[in-house]
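A.B. asks: This is the structure I want to talk about, given as structure tokens.
Every number in this text was worked out from the coordinates using simple rules, so none of it is lab data. Worth saying up front: this structure is predicted, and the values here are computed from it rather than measured. All Cβ positions, even for glycine, are placed from backbone atoms using ideal geometry, and neighbour counts span all protein chains on display.
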Amino acid sequence: MTERYLGSGTIPDDHDGLTGAVPGHLPQRLTITLWDFSWYTRAGAGEPYADIDAAVADAASLGYNAIRICAAPLLLFGDLGLDARIDVEGLGLAPGGGYYGQRTRWYDAPGGYSIDVRARLLELFDAAQRHGLVVILASWEYQQSPSFAASPAWFDAIDAVPLEDRYRLLAEAWDRMIAFLDEHGHRERIALVELHNEVDFSILPALADGGAEQIAWLGARHPDLLVTASYGKPPHLAMHRVPEGLGAAQFHVYSYGVLDALQKRVDIRSEGSAEFPNAALRELLRADAPTPAEYGRAAEWKYRATVVTDQMIYGYDWVDADAWDSWLLDEYDAYHEVMRREIESRVIAIAEWARWQGIPALVGEGWVGYTPLHGTFEEGPIGRALAEHGIDTALERGVWGVVLCSNAAPHHPMWQLRDWQRAQNARILAS
């Protein structure tokens with residue numbers, strides 16, 4: 001029996017090996033825990049990052065070898081006249097008790113303390129060196145980090161910079177920060193330098209409008225380091241739109257699916273909706289939920305300093321997490337296949353673009369999306385299965401670094417799934 005020739009499309013592609021070379025001093029696989037800005041905004045007494053050495057040691061015990069952070073380069077090295085010591089307030093106290101963002105992921109920062117972020121950065125790198133981890137440096141400053149400070153000085157200073165100058169400001173600040181870390185013996189702890197987190201969802205021009213040029217400048221200054229910027233939603237169907245010259249493909253893979261359907265139904269991500277909360281959201285609110293007028297709003301400048309809306313803060317603070325989860329679970333079957341396929345196809349698009357460019361690929365955030373703090377959909381069996389599918393695809397396609405889930409960090413309830421994290425990290429590193 002002879003085999004028929006059915007075209008070159010039937011010949012399997014070779015995906016062996018990483019998508020691009022990794023500097024020799026770095027691990028050949030990264031398993032990443034996402035600490036964002038929380039490592040300094042949740043560092044008060046009794047909070048997850050109060051003892052930074054203990055937090056790093058704990059991450060190492062779970063098998064992580066990389067931490068991704070907002071290193072606040074503009075605050076620390078932007079030459080904007082800012083003090084490295086900030087008073088952390090979070091979104092501020094709510095009039096009826098508690099604080100804004102209290103049941104919202106990432107924004108559940110009660111504040112009430114002062115911290116020297118430059119000193120804390122060295123403490124983090126010292127701890128990473130002791131416990132054998134590397135650090136991915138990024139900035140969330142044009143997305144949300146300054147909103148956690150008690151004073152608008154940090155945000156006002158960076159917001160005063162003309163839009164067309166912001167990438168240059170970031171690159172020069174990173175240049176000075178790298179020199180600072182180098183002076184303290186931590187250059188080889190740097191796994192990656194991201195000009196900024198999620199440039200497509202930040203108060204920045206498109207990366208092609210000056211950002212790629214500044215990445216090239218910073219990369220030329222530090223050719224031994226990987227320099228890039230990250231996308232929150234890369235153009236998976238048109239990856240040619242991503243500028244060339246990135247040192248790594250650090251892109252995020254969220255498949256909202258059923259979560260997006262619920263968020264649209266309850267109109268929770270908008271701002272200024274006339275009928276907020278609508279009837280669908282009112283059905284999901286806690287019995288003790290105040291009206292938006294009764295709950296009030298954080299200081300106005302904080303909403304300008306963050307991409308999260310007042311409707312999301314109110315909704316996530318006062319939604320009944322069990323009712324929220326129940327809706328997602330009841331409706332999930334209709335979205336199951338599309339969510340799995342979306343995760344798989346987006347990971348493949350990232351990996352194949354990176355392989356074409358000859359650079360390492362990372363998934364620094366993913367997989368389902370932004371849920372209330374006490375919602376368990378992503379931590380539960382469905383969310384974990386989607387995460388494992390993403391990890392499987394990433395490993396098969398030669399992706400260098402991957403998060404287990406954006407919620408797998410000390411400031412999220414998912415951190416308590418310790419056996420699951422150890423098992424996933426072990427198989428990533430074994431690959």
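A.B. asks: Amide H of residue 66: which non-local residues (sequence gap of 5 or more, or other chain) have their own amide H closer than 5 Å, using H built in the peptide plane?
C.D. replies: Those qualifying (amide H under 5 Å, at least 5 residues apart or on another chain) are 31, 33, 134.
A.B. asks: Computed from the mean reciprocal separation of all distinct C-alpha pairs, what Kirkwood hydrodynamic radius does segment 144-256 have, in Å? Walk me through the numbers before you get to the answer.
C.D. replies: Details: mean 1/r = 0.0661 Å⁻¹.
Mean inverse Cα-Cα distance, inverted, gives 15.1 Å.
A.B. asks: Rounded to the nearest 0.05, what FRET efficiency do residue 153 and residue 4 give with R0 = 45 Å and r taken as the Cβ-Cβ distance? Could you check?
C.D. replies: Numbers: r = 71 Å, r/R0 = 1.58.
For residue 153 and residue 4, the calculated efficiency is 0.05.
A.B. asks: Once label points are set 7 Å from the Cα along Cα→Cβ at both residue 331 and residue 209, what is their separation, rounded to one decimal in nm?
C.D. replies: The two pseudo-label positions are separated by 3.4 nm.
A.B. asks: Report the residues of segment 264-294 in range of a label on residue 201: point 7 Å along Cα→C-beta, backbone N strictly under 19 Å from it.
C.D. replies: Under cut-off, by backbone N: 264-272.
A.B. asks: Once you have the alpha carbon radius of gyration of the chain, what is it after dividing by 2.2 N^0.38 Å, with N set to its residue count? Walk me through the numbers on the way to the answer.
C.D. replies: Values: Rg = 21.4 Å, N = 431, 2.2 N^0.38 = 22.1 Å.
The reported ratio for this selection is 0.97.
A.B. asks: Considering only 315, 245, 390, give the residue with the highest GNM mean-square fluctuation for the chain, with springs between Cα atoms whenever their separation is below 10 Å.
C.D. replies: Most flexible of the set in this elastic network: 245.
A.B. asks: Going by the alpha-carbon gyration tensor, a ≥ b ≥ c the square roots of its eigenvalues, is segment 248-344 rounded (a/c under 1.5) or, if a/c is not under 1.5, prolate (a/b greater than b/c) versus oblate?
C.D. replies: Numbers: a/c = 2.61, a/b = 1.33, b/c = 1.97.
Because a/c hits 1.5 or more and a/b fails to exceed b/c, segment 248-344 counts as oblate.
A.B. asks: Order the peptides 420-431, 207-218, 144-155 from the highest to the lowest mean number of other Cβ atoms within 10 Å of their residues. Don't jump to the answer; show the numbers that get you there.
C.D. replies: Working: 420-431: 16.8, 207-218: 19.2, 144-155: 22.1.
Highest mean packing first, the order is 144-155, 207-218, 420-431.
A.B. asks: Give me the one-decimal nm value for the distance between modelled label points at residue 45 and residue 287, 7 Å along each residue's Cα-to-Cβ direction.
C.D. replies: In this crude spin-label approximation the distance works out to 3.5 nm.
A.B. asks: Can you give the extra length, in nm with one decimal, that the chain gains between residue 16 and residue 426 once fully stretched, where that is 0.36 nm per residue apart less the Cα-Cα distance? List each step's numbers first, then the result.
C.D. replies: Numbers: separation 410, 0.36 × 410 = 147.60 nm, distance 1.98 nm.
Stretched fully, the residue 16-residue 426 segment lengthens by 145.6 nm.
A.B. asks: How much length is gained on full extension from residue 356 to residue 237, taking 0.36 nm per residue of separation minus their Cα-Cα distance? Could the numbers behind the result be given before it?
C.D. replies: Numbers: separation 119, 0.36 × 119 = 42.84 nm, distance 1.52 nm.
That works out to 41.3 nm of additional length.
A.B. asks: So, in nm, how far is label residue 221 from label residue 244 when the simple model puts each one 7 Å beyond its Cα toward the Cβ?
C.D. replies: So the two model labels end up 2.5 nm from each other.
A.B. asks: Could you rank the peptides 268-277, 401-410 by their average count of other C-beta atoms within 10 Å per residue, with the highest value first? Before the final figure, lay out the partial values.
C.D. replies: Working: 268-277: 14.0, 401-410: 26.6.
In descending order of packing, they fall as 401-410, 268-277.
A.B. asks: Let me ask something additional. Just round it to a whole percent: the fraction of Cα-Cα distances in segment 56-142 exceeding 21 Å. Write out the running numbers ahead of the final one.
C.D. replies: Numbers: 1723 of 3741 pairs.
Across segment 56-142, Cα pairs with separations above 21 Å total 46 percent.
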